[in-house]
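Worksheet: one structure, shown below.
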Amino acid sequence: MILHCVFLRLKTAVTSEDKQSLFDAIVALKQVIPGILDIKHGPNVSPEGLHAGFVDGFAVTFESPEARDAYLIHPEHVTVGERLVSSTDGGLAGILVFDLNI
């Protein structure tokens, strides 16, 4: 299994409604992309203060590396990804991705 962690530094202009809409679109990917086992999202709740501005994020659990790879090029993911990039501070610089084998 792969745990695909995505940390976001959203623009200050993104409203709570905009943020919820983004996360709803991410969660909806589970219904259209095979191999997604689970999706969780929310704010960083670490008390350490080491977030470097990445205060929101989500994690997608995939059944295999192949399922993750298919997700990366899936048209629905590409569309949601474009929304994310346009919502983050600095575009791609406002997104941090970290994948773990679990």
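Okay, here's what the table says:
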item: Note, ³J(HN,Hα) from phi for the range 92-98, Karplus 6.51, -1.76, 1.60, rounded to Hz, x at Gly and Pro; result: 4, 5, x, 10, 10, 10, 9
item: Amide hydrogen neighbours beyond the local backbone of Lys11, cut-off 5 Å, H modeled; result: Thr88, Asp89
item: Calculated from backbone phi, Karplus (6.51, -1.76, 1.60) coupling profile of the range 44-59 in Hz, x at Gly/Pro; result: 5, 10, 5, x, 6, x, 9, 7, 6, x, 8, 9, 10, x, 8, 9
item: For Phe54, distant residues with modelled amide H under 5 Å away; result: none
item: Under 5 Å, built H, 5+ apart or other chain: amide partners of Leu37; result: Thr61, Phe62, Glu63
item: Cα-Cα pairs of the chain separated by more than 20 Å (percent); result: 35
item: Charge sum, other residues only, whose C-beta stays under 13 Å from Pro34's C-beta, Lys/Arg counted +1 and Asp/Glu -1; result: -2
item: Gyration tensor (alpha-carbon) shape descriptor, the range 26-75, a/c threshold 1.5; result: prolate
item: In sequence order, calculated HN-Hα J values of the range 19-25 (Karplus, 6.51, -1.76, 1.60; Hz; x Gly/Pro); result: 4, 4, 4, 4, 5, 4, 5
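Bear in mind these aren't lab numbers, they're just calculated from the coordinates by the rules spelled out. Computed from a predicted structure; not experimentally measured. With ideal geometry, Cβ positions are generated from the backbone for all residues, glycine too; neighbour counts draw on all protein chains shown.
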